[in-house]
Structure formats: structure tokens, C-alpha cells
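Notes to accompany the following structure.
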Amino acid sequence: MTTKKNSEILLVYDTECPACDNYCRIVKIRESIGKLKIVDARESSEVLNEITELGLDIDQGMVLKMGGQLYYGSDAIHALALISSRSDFFNRLNYWLFRSERASRMLYPLLRSCRNLLLKLLGKTKVNNLQLPNNERF
């Protein structure tokens, strides 16, 4: 995983999910890595088009675009942990939990299930970037 110093790193997720939004706004990356830019998956963007063309379902995983490469779901959270600043308790905990690719792959589905349940309880609709039929609700 290589990035250019001070390059823009995109983090694409559903900002209507309170859990995702809080996580993504609290996570900090090291300044030497670049600048993290949040992209709302509910708004049309070039990167969302790229995600959709690759068949990645944004309702089932966030996407991190770094150095021209896309990281999806557990790979995204793992990559975020590796580039995190570790400047505060949350970021150190995030690093500790997700620095292992194996742990990330085990924990991410559980977190995604909790997220989906939360959004169902809140009555949120899916982004449905892949425009799958009968796929509007959680």
C-alpha cells in the first residue's frame, strides 16, 4: 500500500448512517500520508461511478480510494487502520483492532450487520448504487 505524500485520499460511504458517519469523521490519518476527503455515497460523483462500474455494493461496504487503488469493506477499514494517526485513544484503538487483515475480515461483517440493523430501525433507504431491483430497504 503506497501513496504519494500529501495526496488526496477518498473515503466513500453512506453519510446517512450515524455509525459510519461518526467513525469516518473521527478517524484521522497521518499528515505525511495525505488528506482524507469524505465522499457522500448518496451524491453522484466520479468515484461513485467508478465503484459502481466495478460492481461494488456501497450498501455493504465503505470504499477507500488511495493511490489510484480502491479498498472495499474489510480491506478499507484495514487500510485506514494502517494509515491512521494513532493521535488519540480512538485512533489507537482503531489501529489495534483493524491492523490485522484477518481481524478486519472477521470483525467487518459483524459491524456491517449492526449497521444494517441500525439503518433498518431508523427507516433509512439503501443507496442501491448497483440499482438492483427490490433493493431499496434494509
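Values quoted throughout were computed directly from the atomic coordinates according to the rules given, and no laboratory measurement underlies them. The model shown is predicted, which means the values in this text are computed figures rather than measured ones. When we count neighbours, we look across all protein chains shown, and the Cβ atoms used for this are built from the backbone with ideal geometry, even at glycine.
One line per residue, one yes/no per condition, for (1) over 23 Å from Pro109 (Cα atoms); (2) more than 13 Å from the chain's Cα centre (by Cα); (3) not aliphatic (A, V, I, L, M):
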| residue | (1), (2), (3) |
| --- | --- |
| Tyr23 | no, no, yes |
| Val27 | no, no, no |
| Arg30 | yes, yes, yes |
| Ile33 | yes, yes, no |
| Asp59 | no, no, yes |
| Val63 | no, no, no |
| Gln69 | no, yes, yes |
| His78 | no, no, yes |
| Ala81 | no, no, no |
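Scanning the stretch 115-133 for residues that are out of contact with any helix residue (DSSP H, G or I) (no Cβ under 6 Å at 6 or more places or on another chain), among the polar types (S, T, N, Q) and surrounded by 15 or more Cβ atoms within 10 Å (Cβ to Cβ) yields Asn116, Asn128.
What are the residues in the stretch 51-66 that are acidic (Asp, Glu) and surrounded by 15 or more Cβ atoms within 10 Å (Cβ to Cβ), if any? Answer for the stretch 51-66, where residues must be acidic (Asp, Glu) and surrounded by 15 or more Cβ atoms within 10 Å (Cβ to Cβ): Asp57, Asp59. When residues in the stretch 93-138 are screened for being aromatic (Phe, Trp, Tyr) and closer than 23 Å to Glu16 by Cα, 2 of them pass.
Here Ser104, Ser84, Ser74, Ser7 are screened, and the one residue that is more than 17 Å from Asn128 (Cβ to Cβ), touching a residue at least 60 places away in the same chain (Cβ under 8 Å), of a type outside the set (Val, Ile, Thr) and surrounded by 12 or more Cβ atoms within 10 Å (Cβ to Cβ) is Ser7.
When the stretch 38-62 is filtered for residues that are closer than 16 Å to Asn128 by Cβ, among the acidic types (Asp, Glu), without any contact (Cβ under 8 Å) to a residue 24 or more places away in the chain and assigned to a helix (DSSP H, G or I), only Glu53 remains. Could you list, in sequence order, the residues of the stretch 53-104 that are touching a Gly at 6+ places or on another chain (Cβ under 7 Å) and hydroxyl-bearing (Ser, Thr, Tyr)? Scanning the stretch 53-104 gives a single hit, Tyr72.
So, in the stretch 82-127, how many residues would count as being assigned to a helix (DSSP H, G or I), more than 21 Å from Leu36 (Cβ to Cβ) and in contact with a Cys (Cβ under 8 Å, 6 or more places away or on another chain)? Going through the stretch 82-127 one residue at a time, the tally reaches 2.
Against the test of being closer than 26 Å to Lys124 by Cα and either in contact with an Asp or Glu (Cβ under 9 Å, 6 or more places away or on another chain) or assigned to a strand (DSSP E or B) (or both), the options Lys65, Lys35 yield a single qualifying residue, Lys65.
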